[in-house]
Amino acid sequence: MNQEHDASTRKVLLTMLKTQGPMTVNDMSKQLGITEMAVRRHLNTLEKDGLLETKLVRQAMGRPSHTYLLTAASDDLFPKKYQHLTLDLLGELAAVAGEEQVDQLFDRRKDRLIERYTDQTEGKPLPERIQALADIQNANGYMVEWEQPEEGMFVFREHNCPIAQVAQQYQHACSCELAMFRKLLDAEVERTECLAKGGARCTYIIHGNK
């Protein structure tokens, strides 16, 4: 219970700093109704997590005061609506230039990603290529796991899709991901389940012995 309460208090502190800007320990203590010592304990934890930093502010009179402010790393903790902006922009592009231009945009993105990641997979045995692809996708938020149920066959699962809402409307995004997998793995890859089409996850079957 104490851990839950501490976590809740830290969320409140982060929200205060997000909405009100840099604050002193005294300011936070008064707003939360807890001691400055308790506030500092929470701030120390948040600072160790890389979510806060301190800044020395000089006063016209008296001693300088330390204020706390959020770091760039804390930005990921707050809600984002990027998918709505992306869909709006893609919709405008389709209206002005046609759906084929949207498809070309996804194709160009696929080509850039292949160029960026080829060095991480090229020249490796297939299991190592699959692990490299899993590392790439995990770094991008796809929550990957994979297994080899039998010789020459691998199952690659993505439990999250950061672009699922975009892919639901623009299926070519999924086609590009499949093409990227085939190119980076240099293997036969089949998608058997897709989050953007209502599946519980994205599942790929990979065949190859190279």
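Some notes on this structure:
- Dipole of segment 2-76, positive direction: furthest Cα of Gly33, Asn44, Leu56, with charges on the beta-carbon: Leu56
- Over segment 2-76, relative contact order from alpha-carbon pairs under 8 Å, at least 6 apart, %: 31 percent
- Stretching the chain fully between Met143 and Thr45 yields a gain of 32.6 nm (0.36 nm per residue, less the alpha carbon separation).
- Within the listed set Gln31, Gln148, Gln165, the Gaussian network model of the chain (springs between alpha-carbon atoms below 10 Å) gives the highest mean-square fluctuation for Gln31.
- Approximating the spin labels as points 7 Å out from Cα along Cα→Cβ, the Glu115-to-Thr54 distance works out to 4.7 nm.
- Residue-averaged 222 nm ellipticity for the chain, from DSSP H runs of 4+ at -39500 (n - 2.57), nearest 500: -17500 deg cm²/dmol
- For peptides 169-179, 74-84, sequence by mean Cβ density within 10 Å, most packed first: 169-179, 74-84
- Evaluating 6.51 cos²θ - 1.76 cosθ + 1.60 at θ = phi - 60° for every residue in segment 82-88, the Karplus couplings come out as 4, 4, 5, 5, 4, 5, 4 Hz, glycine and proline recorded as x.
- Among 61-70, 184-193, sorting by the average number of other beta carbon atoms lying within 10 angstrom of each residue, highest first, gives 184-193, 61-70.
- Length-normalised contact order for the chain - Cα pairs under 8 Å, 6+ apart - percent: 14 percent
- Largest mean-square fluctuation among Thr86, Thr71, Thr121, in a Gaussian network model of the chain whose springs join Cα atoms under 10 Å apart, belongs to Thr71.
- The angle separating the long axis of helix 126-139 from the principal Cα axis of greatest extent in the chain is about 30 degrees.
- A full extension of the chain between Met61 and Asp135 corresponds to an added length of 21.3 nm, given 0.36 nm per residue minus the alpha carbon distance.
- Measuring r between the beta carbons of Ile34 and Lys81 and using R0 = 35 Å, the FRET efficiency lands at 0.60.
- Proximal lysines relative to Lys183, as straight alpha-carbon distance under 21 Å, when same-chain residues fewer than 8 apart are discounted: Lys110, Lys124, Lys210
- Segment 82-207, relative contact order [Cα under 8 Å, separation at least 6], %: 23 percent
- Among the listed values (i) 361; (ii) 112; (iii) 196, the one matching volume of the Cα convex hull per residue in Å³ as calculated from this structure is (iii).
- Between Ala164, Ala73, Ala95, the GNM of the chain built on Cα springs shorter than 10 angstrom shows Ala73 fluctuating the most.
Where a number appears in this text, it was derived from the coordinates with a stated rule and is not lab data. Values in this document were obtained by computation on a predicted structure and should not be read as measured data. Heads up, the Cβs are rebuilt from the backbone with ideal geometry, glycines too, and the neighbour counts pull from every protein chain shown.
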